[in-house]
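A.B. asks: Have a look at the structure that comes next, please.
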Amino acid sequence: MRDDVDAVILVGGLGTRLRPLTLSAPKPMLPTAGVPFLTHLISRIRSAGIRHVVLGTSFRAEVFEDHFGDGAALDVDLEYVVETEPLGTGGGIRNVADRLRGDTQLVFNGDNLIGVDYAQLLETHRSADADVTLCLHRVADARAYGCVPTDADGRVLAFLEKQPEPVTDQINAGLYVFRRSVIDSIPTGRPVSVERETFPDLLAAGSCVMGHLTAGYWRDFGTPADFVAGSADLVRGIAPSPAVAEPGERLLLPGADVASDAVVDEGTTIGHDASVGPRTLVRGSVVFDGARLGADVVVRNSVIGAGAVIGDGTVLDDVVIGDRARIGAGIELRGGARVWPDATLADGSVRFSADL
Ligand code: GDD
Ligand code: MG
């Protein structure tokens, strides 16, 4: 048991890029492989022997506590600290300081899954006697992330958040180890960004900031494309989660009703009491609870909101359908289109993409 390490999870963001799904639920509470995303992250933390978990909440704060309570179901000791006004990532970390018990904290962005071994990450931090250690990952396109060049010994040279022309393909993977005293030194009473203020300031002051590069699984679930791909990774056992009991090509939740000649694969989840009609194909997608897909529908890499209804012969590819929306028959939507909750599209009314 790691009683000397607390886990802090930042879950106060608005989830803007995942709208309209995040109008009804905060991003870390969206269902992935049948459970809220955060369940996967907390289960991983628990399986590493860490029990004390503090959630830094703001937007829709009550939803977390309503679901997880004191954490007993996941065998963790869960606490919540609410920001009445969002304090940013650094302010959110500072805001939980009086709940911390150990001298070392693992701090997680609440929308990432990383297959890193936490014990090895902590060892990098301890052996360098670092103030902060950043988990790093290599990506093909670093523009959407924090860019983190390091020297030959793994020491961080700079922290450059979301650069149009990244200087390295090595990015901030959204998991940090903090020395407790560094958290106490973050200013209070105003928003602070760790990415734009705390990390650059620590580097300017000559503090020891280490990088821990990981080659395993990593994904930020914060965009629709990453959300559906990440959910499929969880269902198939590609993304690491002790909360996925039996990985497979599809996950049918209790009450899901799939026609015998429908094809559901590539890591698709069909939610509770949702239905899939005859000859329909659902591939690499997430169908929320109670949604109804008609006959001869094609759904690829898309999210179908709770209680949405999809008419016969409709094609949905790389789209997000809001809760309870009614999509008529013979419609074709592609390329990042989003349909707002409760919207209605008449039969045959749309071909190709638009925000509706
Ligand atoms: N408590 C609290 N308060 N949490 C917040 C706040 C806040 O004001 N603002 C954001 N968060 C949480 C979000 O809920 C999310 O879990 C995490 O902080 C990161 O915010 P995102 O909005 O998802 O940031 P990002 O994905 O654009 O960029 C961050 O993550 C990348 C890796 O996925 C940065 O840390 C990048 O440097 C990093 O590369
Ligand atoms: Mg993110």
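A.B. asks: How many angstrom lie between the C-alpha centres of region 129-174 and region 46-89?
C.D. replies: For region 129-174 versus region 46-89, the Cα centre distance is 27 Å.
A.B. asks: Can you pull the percent of Cα pairs in the chain with separation above 31 Å?
C.D. replies: 36
A.B. asks: Roll a 1.4 Å probe over the protein heavy atoms and report the accessible area of Tyr80 in Å², nearest 10.
C.D. replies: Solvent-accessible area, nearest 10 Å²: 30 Å².
A.B. asks: Given the whole protein assembly as supplied and a 1.4 Å probe, what does the accessible area of Lys162 come to in Å², nearest 10?
C.D. replies: About 100 Å², ignoring ligands and nucleic acids.
A.B. asks: Taking 8 Å as the Cα distance limit and 6 or more residues as the minimum spacing, I'd like the relative contact order of region 5-224 as a percentage. Mind showing how you got there, number by number?
C.D. replies: Details: 451 pairs, mean separation 54.3, N = 220.
Relative contact order here is 25 percent.
A.B. asks: Looking at the chain, send over the antiparallel percent of its DSSP beta bridges, to the nearest 5.
C.D. replies: Given both bridge residues lie in the chain, the antiparallel proportion sits at roughly 25 percent.
A.B. asks: Could you rank His212, His272 by how accessible they are, 1.4 Å probe, largest area first?
C.D. replies: His272, His212
A.B. asks: Moving to a separate point now. Using a 1.4 Å probe over the heavy atoms of the protein chains, calculate the carbon and sulfur portion of the accessible area of the chain as a whole percent.
C.D. replies: Carbon and sulfur: 48 percent of the exposed surface of the chain.
A.B. asks: Another question, then. One quarter of the convex hull surface, Cα atoms only: what value does that give for region 249-345 in nm²?
C.D. replies: About 4.6 nm², averaged over all directions.
A.B. asks: With all protein chains present and a 1.4 Å probe, how do Ser241, Ser302 order by accessible area, largest first?
C.D. replies: Of Ser241, Ser302, the descending order of accessible area is Ser241, Ser302.
A.B. asks: OK, next. Compute the relative contact order of region 55-153 as a whole-number percentage, counting only Cα pairs closer than 8 Å that sit 6 or more residues apart in sequence. Intermediate results must be reported in sequence, preceding the final value.
C.D. replies: Details: 45 pairs, mean separation 19.3, N = 99.
It rounds to 19 percent for region 55-153.
A.B. asks: Then there's this: Over its Cα atoms, what ratio of radius of gyration to 2.2 N^0.38 Å does region 55-170 give?
C.D. replies: Rg over 2.2 N^0.38 Å, computed on Cα atoms: 1.24.
A.B. asks: Would you mind working out the accessible area per residue for region 5-224, using a 1.4 Å probe, and quoting it in Å²?
C.D. replies: Per-residue value: 39 Å².
A.B. asks: May I pose another question? Divide by every residue of the chain the summed helix terms, -39500 (n - 2.57) for each DSSP H run of at least 4, and state the resulting mean residue ellipticity at 222 nm, rounded to the nearest 500 deg cm²/dmol.
C.D. replies: Result for the chain: -5000 deg cm²/dmol, rounded to the nearest 500.
A.B. asks: Can you give the accessible area of Asp98, probe radius 1.4 Å, in Å² rounded to 10?
C.D. replies: Its heavy atoms expose roughly 130 Å² to the probe.
A.B. asks: For a protection proxy built on the mean count of beta-carbon atoms within 10 angstrom, sort 219-231, 180-192 highest first, please.
C.D. replies: 219-231, 180-192
A.B. asks: A further question follows. What order do Arg60, Arg196 take when sorted by accessible area (1.4 Å probe), most exposed first?
C.D. replies: On the way: Arg60 80, Arg196 150 Å².
If we order Arg60, Arg196 from most to least accessible, we get Arg196, Arg60.
The values are calculated or read from the model by the stated rules, or taken from the named source; none is laboratory data. No experiment lies behind these values; they were computed from the predicted model shown. Note that we place each Cβ from the backbone using ideal geometry, even for glycine, and neighbour counts take in every protein chain shown. Heads up: the accessible areas ignore ligands, DNA and RNA and are worked out on the full protein's heavy atoms, side chains in. Shrake-Rupley method; radii C 1.70, N 1.55, O 1.52, S 1.80 Å.
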